[in-house]
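Visitor: The following block contains the structure, expressed as structure tokens.
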Amino acid sequence: MAVSLREFCAECDSLLRPERFSDYCPNGLQVEGRSRIGKIVSGVTACGELIERAAAAGADALLVHHGYFWKGESPVIKGYRKQRIAALLKHDLSLVAFHLPLDVHEEFGNNVQLARRLGLRIEGDIHRHDGFPLVLRGRLAEPLGLEAFEARLAETLGQAPLAIRGGDHAVESIAWCTGAAQGYIEQAAVAGVDAYLSGEISEQTVHAARESGLHYLAAGHHATERYGVRALGGHLAECFGIRHEFIDVPNPA
């Protein structure tokens, strides 16, 4: 079975509706490859290793969360940027990327997918972007000590989080946002949750957590954002009757 690149991209756009977002990069088709897709490879970031492994796996298109052409970066294509695009063109491999539309999607979004794996019941949100819930709020089925919640994160994500203790209280109510979302810790403190979870941490995040009485856990930008693109790739493969493979290129950040 195979689907046209045009039909594949149209379905992605229909599901994620990127036109609704003011994003930091273009969403959708970023580099055009062959016109028919029989297999897609999904991954977090379109790095050189992922491109080569996707090509070796027989992919016709690469579906990622972190693609190219970010606002604020140099538009000059040289060095590793040239090497990545040259590899895509050499292998006639399409690159399709979705950033914020994938973060906030109600079914395939990174935040929703992470919540399902951690056993978090979603109750609402504490911050919206373009009108869509970006930082979610919810709770565990039963309270856990901070160390026990750290252990759950480590077991689920395959790496230990960096935890900042904000008191002696247990963890039950949580706010979270995958990726580089440490800047929303103040909204989490105002919301009165027990803990805030994101992917990355900054120097000032430590002091904000301690002085707000809020546990903070940085679980890894890459680690927290593996699940949305994987779920989307699986859905698209089922929709079109094509093959799908998720390839993880480990990244400790």
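The values are calculated or read from the model by the stated rules, or taken from the named source; none is laboratory data. What you see is a predicted model; the values in this text were computed from it and never measured. Cβ sites come from the backbone with ideal geometry, for glycine too, and all protein chains shown count toward neighbours.
Visitor: Considering (1) farther than 27 Å from Ala2 by Cβ; (2) of a type outside the set (Gly, Ala, Ser); (3) buried (at least 22 other Cβ atoms within 10 Å of the Cβ), say which one His65 fails and leave the rest.
Guide: Every condition holds for His65 apart from (1).
Visitor: How do the pairs read when you match residues in region 66-83 that are not assigned by TED's automatic domain parsing to the domain that holds Thr178 with residues anywhere that are of a type in the set (Gly, Ala, Ser), using Cβ under 8 Å and keeping only pairs 6 or more apart or on different chains?
Guide: From residues that are not assigned by TED's automatic domain parsing to the domain that holds Thr178, the pairs are His66/Ala46; His66/Ala97; Gly67/Ala46; Gly67/Ala97; Tyr68/Ala46; Tyr68/Ala97; Tyr80/Gly48; Gln83/Gly48.
Visitor: Of all residues in region 30-65, count the ones that are under 21 Å from the mean Cα position of the chain (by Cα), in contact (Cβ under 8 Å) with a residue 40 or more places away in the chain and over 20 Å from Gly234 (Cβ atoms).
Guide: 5
Visitor: Quick one: which residue in His99, His105 is of a type outside the set (A, V, I, L, M), in contact with a Phe, Trp or Tyr (Cβ under 8 Å, 6 or more places away or on another chain) and either within 24 Å of Ala223 (Cβ to Cβ) or surrounded by 13 or more Cβ atoms within 10 Å (Cβ to Cβ) (or both)?
Guide: Among His99, His105, only His99 is of a type outside the set (A, V, I, L, M), in contact with a Phe, Trp or Tyr (Cβ under 8 Å, 6 or more places away or on another chain) and either within 24 Å of Ala223 (Cβ to Cβ) or surrounded by 13 or more Cβ atoms within 10 Å (Cβ to Cβ) (or both).
Visitor: Another question about this same structure. Any chance region 51-65 includes a residue that's within 20 Å of His221 (Cα to Cα) and part of a loop (DSSP other than H, G, I, E, B)?
Guide: No: region 51-65 contains no residue that is within 20 Å of His221 (Cα to Cα) and part of a loop (DSSP other than H, G, I, E, B).
Visitor: Here is a follow-up. Any residue at all in region 195-216 that's of a type outside the set (Lys, Arg), under 17 Å from Leu120 (Cβ atoms), under 23 Å from the mean Cα position of the chain (by Cα) and surrounded by fewer than 23 Cβ atoms within 10 Å (Cβ to Cβ)?
Guide: No, there is no match, as no residue in region 195-216 is of a type outside the set (Lys, Arg), under 17 Å from Leu120 (Cβ atoms), under 23 Å from the mean Cα position of the chain (by Cα) and surrounded by fewer than 23 Cβ atoms within 10 Å (Cβ to Cβ).
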